[in-house]
Amino acid sequence: MATLEIRDLHVTVEADNAEKEILKGVDLTVKQGETHAIMGPNGSGKSTLAYSLAGHPKYTITGGSVTLDGEDVLEMSVDERARAGLFLAMQYPVEVPGVSVSNFLRTSATAVRGEAPKLRTWVKEVKEAMERLNMDPSFAERNVNEGFSGGEKKRHEILQLELLKPKVAILDETDSGLDVDALRIVSEGVNRVRETGEVGTLLITHYTRILRYIKPDYVHVFSAGRIVESGGAELADKLENEGYEAYTKGGASE
Amino acid sequence: MAEAQNIPVGSTTAGQIAVAAESTVATRMSAPPSFDVADFPVPHGREEEWRFTPLERLRGLHDGTAAATGDGVKVTVEAPAGVVVETVGRDDARLGKAGTPVDRVAAQAYSAFEKAGVVTVPKETVLTEPIRIAVHGEGGIAYGHQVIELGAFAEAVVVIDHTGDAVLAANVDYVLGDGAKLTVVSVQDWDDKAVHVGQHNALIGRDAGFKSFVVTFGGDLVRLHPRVAYAGTGGEAELFGLYFTDAGQHQEHRLLVDHNTPHCKSNVAYKGALQGDDAHAVWIGDVLIEAKAEGTDTYEMNRNLVLTDGARVDSVPNLEIETGEIVGAGHASATGRFDDEQLFYLMARGIPEHEARRLVVRGFFAELVQQIGVDDIEERLLVKIDEELEATV
């Protein structure tokens, strides 16, 4: 069973010519089939955790370890992490002009699966996945994220999640900027992947709203660069009612 | 991004739209057009038409010090049956009909060549195979002139392929009879040290169609000046260009479409990728719609993709309109960068770095490459693009 283990992770980022520590010792274990929600106020370091796990060059790991099934993730390049089974659905997906969605998806699937998918089944697979996400077929011919609305970008991220079938999916504020209909469609996509039981999900969010659609097994409260409280789904209800104040007031958060 | 970059990354350059009583396209040149090199002063580098060009790398083509050597270029013409291929003297009446040199080096080329090539496709001859003109540099200095003339309703594809090493100033005339259709692919696949300067004049007959692909990969300095004018109404010009500018290379494309005749069309699309220190691409797109050219429909576009730090693009579209009675006129220029965020996004989907770059650059050029319609050239360009990407930056 695939397991992502994060131990005492410390991460800095360069800001104003100085190294600033953003993550201050994160411990978390995500197993295949589990869904963990990470909730926290703005600036608590949630997105830094997501991008550090994916290997974004902006972040420097200064301590701790991350392993996927015992393999050292921090030693891997960004593309190696993806091929090892890590997937990051980004909060702000990047436009890639000149590269069509269909070409991008096929290149990505070829890289992650280790061989080019057979054309006929692949076309069918993409078409069906797009239909499930209410995406128009013309979408495939557009350039990656270019001119996409906020909802289209997020559906495109979840389309990739469905096609690439990672071991661990990190969803970085996938719910932000979505209206209720789009949120429902995107959540259904995530749930289809979860129901296979083959993915561990790390759901990073600021709001409890998405948790009505995607039921987490564990909820962690993130504040000032570390997990400050963990619990079951009921912890989300507490946050819904009380907000983050209890965690930020007088805390280490700046 | 290179500090020297004059176009902010991701921005669209507005360029200039001038409505002028007197053409600034014509008046900003340092001398009126002429076939005689003596009519042009030796440029010093601050002239409008020379300000982007490193004169010291022209190896004397601009100041009269570059004398032709015996081992300049070897020109071979392969043509299907029905095509007339000739080598003619300077006094042949068919030379220089499509346009007059507008700068010192073009006039130098016209003043210095000894023999010219003339390729004629007789009227109503429709070729199914391309005419191939191979210009291979043998290491020396050369001046040349080539005429390609299509009779009325003739149709042809011409590939002019420049390879090897040379210092070459050579002009090309394309003369299209009424209703003729000519596609030209000019490939500049020179060795690293080559210098190539030329003016390409197209004169488009009534209802004729001219389609040009200028593909520049090689050379130390390449500076081409494709120009189009119309000899009758209903003419159509499509000018496409691709360039891949590497470290240290200067590749300059200066275009002029002179809408001097009513009811003609032009469409210009040039795309370039740049990588490496001191890679410098220059694109000047002049479109002039003369007062008499009612019903003109024109659009010009330049896109640049900067792959690494240290490269520089100068892109200057210039649309000059002397009549409001037109169908359409537009232009656009944009320079973007293949940046770390795009690379991260693609790699985060499992795509290795070199593959990610390839995907982006192939995608960037694909829409132009696919329109060439000459299979072996299309294939060679894709291979060339891959080679360029694999070269050490």
*For segment B:77-102, how many residues meet the condition of being in contact with a Lys or Arg (Cβ under 6 Å, 6 or more places away or on another chain) and either hydroxyl-bearing (Ser, Thr, Tyr) or over 17 Å from B:PRO122 (Cα atoms) (or both)?*
2
*Odd one out for B:VAL374 among (1) more than 13 Å from chain A (Cβ to nearest Cβ); (2) of a type in the set (Val, Ile, Thr); (3) buried (at least 23 other Cβ atoms within 10 Å of the Cβ)*: (3)
*Where in segment B:57-150 are there strands (runs of 3 or more DSSP E), lying fully within it, with 2 or more residues that are touching a His at 6+ places or on another chain (Cβ under 9 Å)?*
B:73-78, B:116-121, B:131-150
*asked:* From the list A:LEU183, A:LEU178, A:LEU171, exactly one residue is within 14 Å of chain B (Cβ to nearest Cβ), under 30 Å from A:THR29 (Cβ atoms), open to solvent by less than 70 Å² (accessible area, probe 1.4 Å) and hydrophobic (A, V, I, L, M, F, W, C). Which is it?
replied: A:LEU171
*asked:* Cβ-Cβ distance below 6 Å, separation of 6 or more or different chains: which pairs start in segment B:365-390 with a residue that is assigned to a loop (DSSP other than H, G, I, E, B) and end on one that is of a type in the set (Asp, Glu) and open to solvent by less than 80 Å² (accessible area, probe 1.4 Å)?
replied: B:ILE372/B:GLU378
*Consider A:GLU146 against the criteria (1) surrounded by fewer than 17 Cβ atoms within 10 Å (Cβ to Cβ); (2) within 17 Å of the chain's Cα centre (by Cα): it satisfies all of them except one. Which criterion is unmet?*
(2)
*asked:* Restricting to segment B:70-84, count the residues that are open to solvent by 70 Å² or more (accessible area, probe 1.4 Å) and either in contact with a Pro (Cβ under 9 Å, 6 or more places away or on another chain) or closer than 29 Å to B:ASP191 by Cβ (or both).
replied: 6
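The rows are residues; the columns are (1) touching a Gly at 6+ places or on another chain (Cβ under 8 Å); (2) farther than 24 Å from B:THR69 by Cβ.
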site	(1), (2)
B:VAL157	yes, yes
B:ASN171	yes, no
B:LEU176	yes, yes
B:GLY179	yes, yes
B:THR183	yes, yes
B:ALA208	yes, yes
B:VAL215	yes, yes
B:GLY234	no, yes
B:LEU256	no, yes
*asked:* Residues to consider are B:ALA269, B:ALA281; find the one that is in contact with a Gly (Cβ under 8 Å, 6 or more places away or on another chain) and within 12 Å of B:SER315 (Cα to Cα).
replied: B:ALA281
*Return the total of residues in segment B:120-138 being over 17 Å from B:THR76 (Cβ atoms) and either without any contact (Cβ under 8 Å) to a residue 24 or more places away in the chain or open to solvent by 10 Å² or more (accessible area, probe 1.4 Å) (or both).*
8
*Filtering segment B:325-360 down to residues that are among the charged types (D, E, K, R), out of contact with any Ser or Thr (no Cβ under 9 Å at 6 or more places or on another chain) and facing chain A (nearest Cβ under 7 Å), which residue is most open to solvent (accessible area, probe 1.4 Å)?*
B:ASP340
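Every residue, every condition in (1) within 30 Å of A:HIS10 (Cβ to Cβ); (2) basic (Lys, Arg), yes or no:
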| site | (1), (2) |
| --- | --- |
| A:LEU211 | yes, no |
| A:ASP217 | yes, no |
| A:ARG226 | yes, yes |
| A:GLU229 | yes, no |
| A:ASP237 | no, no |
| A:TYR244 | yes, no |
*How many of the residues in segment B:104-115 are within 15 Å of B:ASN201 (Cα to Cα) and open to solvent by less than 10 Å² (accessible area, probe 1.4 Å)?*
4
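The values are calculated or read from the model by the stated rules, or taken from the named source; none is laboratory data. Remember, predicted model here, so these are calculated numbers, not experimental data. Reconstructed Cβ throughout: ideal geometry from the backbone, glycine too, with neighbour counts over all protein chains shown. With ligands, DNA and RNA removed, areas are computed over all heavy atoms of the protein, side chains included. Shrake-Rupley method; radii C 1.70, N 1.55, O 1.52, S 1.80 Å.
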